[in-house]
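Here is the structure we will look at, set down as structure tokens.
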Amino acid sequence: EWDLKLGSTPIDLSLTTGAYKGNLDLSGVSVTRLSVTDGASSATIRFDTLNPVEMSELSYKTGASEVELFGLGNANVSSVRFDGGVGKYTLDFSGENPVNIDVSITSGMSDLKLILPDNVQAKVIVSGELNNVDLQGTWTVQGTTYTFGSGGSLITITVDMGVGNLQLIQQ
């Protein structure tokens, strides 16, 4: 069991773990780069308040897991890379969203939930073998591209999914 307290100095944070259950609250922490690699896990990462510094990249690589990333709009990050195997994943972009975000998601057989707030523009491009896409909110659909919004930061998400279910939630 780890209980870490991080100061106000900007840091690059890298975590490599095996099978674990974790809860990481990075609200208000000055993170310039975040890299997480884990195995079979149940993990939650939160950004409930704005990261005071710009984060260049958030990278998450996981195996058969359940992963929840909340408040990515407060991470103050311009690039997100998420690689998952078989699992259940939630990426929630709520928050201030001060910068445009380029997101790349690759997963095997999974259930993926993307939550996007009304204060952004969103563009989601889906590719892969067999995907079920469930839409909540007001989306414009052109083939395998889903968009909404006309103001605020732009979140561009590319999803390459082997087989799975994708929920696109606008709130």
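The values are calculated or read from the model by the stated rules, or taken from the named source; none is laboratory data. Just so it is clear, the model here is predicted, and its values are computed rather than measured. A quick note on method: Cβ atoms are made from the backbone with ideal geometry, for glycine too, and the neighbour counts reach across all protein chains shown. Just the protein is used for accessible areas: all its heavy atoms, side chains included, with ligands, DNA and RNA removed. Shrake-Rupley method; radii C 1.70, N 1.55, O 1.52, S 1.80 Å.
Could you check the range 58-79 and list, in sequence order, the residues that are open to solvent by 50 Å² or more (accessible area, probe 1.4 Å), at pLDDT 95 or above and farther than 18 Å from Asn23 by Cβ? Break it down stepwise before answering.
Of all residues in the range 58-79, those open to solvent by 50 Å² or more (accessible area, probe 1.4 Å) come to 61, 64, 66, 68.
Still in the running and at pLDDT 95 or above: 61, 66, 68.
Answer for the range 58-79, where residues must be open to solvent by 50 Å² or more (accessible area, probe 1.4 Å), at pLDDT 95 or above and farther than 18 Å from Asn23 by Cβ: just Lys61.
Would a scan of the range 139-157 turn up a residue that is touching a residue at least 40 places away in the same chain (Cβ under 8 Å), open to solvent by 40 Å² or more (accessible area, probe 1.4 Å), of a type in the set (Ser, Thr, Tyr) and out of contact with any His (no Cβ under 6 Å at 6 or more places or on another chain)? No, there is no match, as no residue in the range 139-157 is touching a residue at least 40 places away in the same chain (Cβ under 8 Å), open to solvent by 40 Å² or more (accessible area, probe 1.4 Å), of a type in the set (Ser, Thr, Tyr) and out of contact with any His (no Cβ under 6 Å at 6 or more places or on another chain).
Applying a threshold of 7 Å to beta carbon distances and a minimum spacing of six or more residues, or different chains, the list of pairs starting in the range 17-35 at a residue that is within 13 Å of Ile45 (Cα to Cα) and ending at one that is in a loop (DSSP other than H, G, I, E, B) and aromatic (Phe, Trp, Tyr) reads Leu26/Phe47; Ser27/Phe47. Applying a threshold of 8 Å to beta carbon distances and a minimum spacing of six or more residues, or different chains, the list of pairs starting in the range 59-72 at a residue that is farther than 14 Å from Ile105 by Cβ and ending at one that is among the aromatic types (Phe, Trp, Tyr) and not in a strand (DSSP E or B) reads Phe70/Phe47; Gly71/Phe47.
Out of all the residues in the range 80-96, which are open to solvent by 10 Å² or more (accessible area, probe 1.4 Å), in contact with a strand residue (DSSP E or B) (Cβ under 8 Å, 6 or more places away or on another chain) and either among the charged types (D, E, K, R) or under 25 Å from Thr138 (Cβ atoms) (or both)?
Once the filter is applied, which keeps residues that are open to solvent by 10 Å² or more (accessible area, probe 1.4 Å), in contact with a strand residue (DSSP E or B) (Cβ under 8 Å, 6 or more places away or on another chain) and either among the charged types (D, E, K, R) or under 25 Å from Thr138 (Cβ atoms) (or both), the range 80-96 yields Arg81, Asp83, Lys88, Thr90, Asp92, Ser94.
Inside the range 117-134, residues that are buried (at least 16 other Cβ atoms within 10 Å of the Cβ), in contact with a Gly (Cβ under 8 Å, 6 or more places away or on another chain) and on the phi < 0 side of the Ramachandran plot make up a count of 5. Residues that are open to solvent by 30 Å² or more (accessible area, probe 1.4 Å) and among the hydrophobic types (A, V, I, L, M, F, W, C) within the range 102-116 comprise just one, Met109. Of all residues in the range 129-159, which are modelled with pLDDT under 95 and farther than 17 Å from Ile115 by Cβ? Within the range 129-159, Glu129, Leu130, Asn131, Asn132, Gly143, Thr144, Ser150, Gly151 qualify.
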